[in-house]
Amino acid sequence: MTKSGLFMGAMVAALALGGCNKTPEPPKAETESGAMNDVVTASANPQVGGAAMAPDKTILANAAASPILSQLTAAVNQAGLADTLSGPGPFTLFAPNDAAFAQVPAVTRDGWARPAQKVVLAGVLKYHVVPGRLTAADLAAKIDAGGGKAVLKTLDGQNLTATKSGDAIILTSASGNKAAVTQADVGQANGIVHVVDAVLLPKM
């Protein structure tokens with residue numbers, strides 16, 4: 001087995017035993033129309049971790065401003081994806097918060113920080129990005145249209161499955177671990193962000 005496989009195998013096992021089955025919090029309410037307008041005003045845009053999210057700034061710029069997305073920002077820079085998430089998009093990012101990264105085994109996080117694991121880390125992060133701009137209402141509509149689930153094609157080419165648990169949107173990775181959307185519809189100049197409570201694992 002390759003070093004990449006060992007890191008991902010350890011991570012899958014640890015997260016399978018960890019906090020992936022906790023009751024998810026419902027997503028934040030959308031606008032009255034059921035979807036966020038293309039142009040989001042600063043006052044309408046939700047804060048993330050107490051930090052204002054400027055709708056005229058990119059995904060990476062806003063993530064860097066949030067105290068609960070510091071691990072994600074560092075990982076994006078480490079993986080060489082800064083230009084991607086600062087580009088025109090649009091993208092839908094399911095953004096793991098710092099608590100989500102804390103669930104990842106330390107040995108795996110340390111491995112991702114090594115230059116030799118840059119491609120592995122980039123693959124994990126791209127698995128959280130879906131081309132296009134999908135609001136919570138859009139995701140819910142796709143889930144309903146799919147008979148209870150929606151299969152999303154991520155930036156790394158693998159599938160990510162979205163379902164609902166009550167009003168909450170649940171994401172299930174190709175490796176079987178789950179994440180709940182804890183904060184939805186954070187508008188960005190180049191897309192939209194939904195904060196999630198776990199790091200999703202693609203198949204490696």
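Please verify whether residue 92 is among the β-branched types (Val, Ile, Thr), surrounded by 15 or more Cβ atoms within 10 Å (Cβ to Cβ), more than 25 Å from residue 173 (Cα to Cα) and modelled with pLDDT of 95 or more, treating the condition exactly as stated.
no
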Given (1) in contact (Cβ under 8 Å) with a residue 60 or more places away in the chain; (2) more than 24 Å from residue 66 (Cα to Cα), where does residue 172 come up short, assuming only one miss? (1)
For the condition under 19 Å from residue 97 (Cβ atoms) and open to solvent by 40 Å² or more (accessible area, probe 1.4 Å), what is the one hit in 178, 164? 178
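Out of the residues in segment 146-156 meeting the condition of being assigned to a loop (DSSP other than H, G, I, E, B) and more than 15 Å from the chain's Cα centre (by Cα), tell me which one is nearest to residue 93 (Cα to Cα).
Filtering segment 146-156 for residues that are assigned to a loop (DSSP other than H, G, I, E, B) and more than 15 Å from the chain's Cα centre (by Cα), the one nearest to residue 93 (Cα to Cα) comes out as 149.
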Restricting attention to segment 100-130, report how many residues are assigned to a helix (DSSP H, G or I) and either over 13 Å from the mean Cα position of the chain (by Cα) or farther than 17 Å from residue 48 by Cβ (or both). 20
Given the conditions (1) closer than 13 Å to residue 127 by Cβ; (2) at pLDDT 95 or above, which single one is not true for residue 189? (1)
Among the numbered criteria (1) out of contact with any strand residue (DSSP E or B) (no Cβ under 6 Å at 6 or more places or on another chain); (2) assigned to a helix (DSSP H, G or I); (3) not small (Gly, Ala, Ser), which one does residue 143 miss? (1)
Go through (1) over 16 Å from the mean Cα position of the chain (by Cα); (2) at pLDDT 95 or above for residue 180 and report which single condition fails. (1)
Of everything in segment 168-190 that's touching a helix residue (DSSP H, G or I) at 6+ places or on another chain (Cβ under 6 Å) and in a strand (DSSP E or B), which residue is farthest from residue 51 (Cα to Cα)? 169
Flagged in segment 114-161 as touching a residue at least 12 places away in the same chain (Cβ under 8 Å), farther than 20 Å from residue 187 by Cα, among the small types (Gly, Ala, Ser) and surrounded by 13 or more Cβ atoms within 10 Å (Cβ to Cβ), in numbering order, are 122, 123, 150
Of everything in segment 42-93 that's in contact with a strand residue (DSSP E or B) (Cβ under 7 Å, 6 or more places away or on another chain), assigned to a strand (DSSP E or B) and aliphatic (A, V, I, L, M), which residue is farthest from residue 117 (Cα to Cα)? 48
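The values are calculated or read from the model by the stated rules, or taken from the named source; none is laboratory data. Remember, it's a predicted structure, so these values are computed and weren't measured experimentally. All Cβ positions, even for glycine, are placed from backbone atoms using ideal geometry, and neighbour counts span all protein chains on display. Ligands, DNA and RNA are stripped out before the accessible areas are found, and what is left, the full protein with its side chains, is counted by its heavy atoms. Shrake-Rupley method; radii C 1.70, N 1.55, O 1.52, S 1.80 Å.
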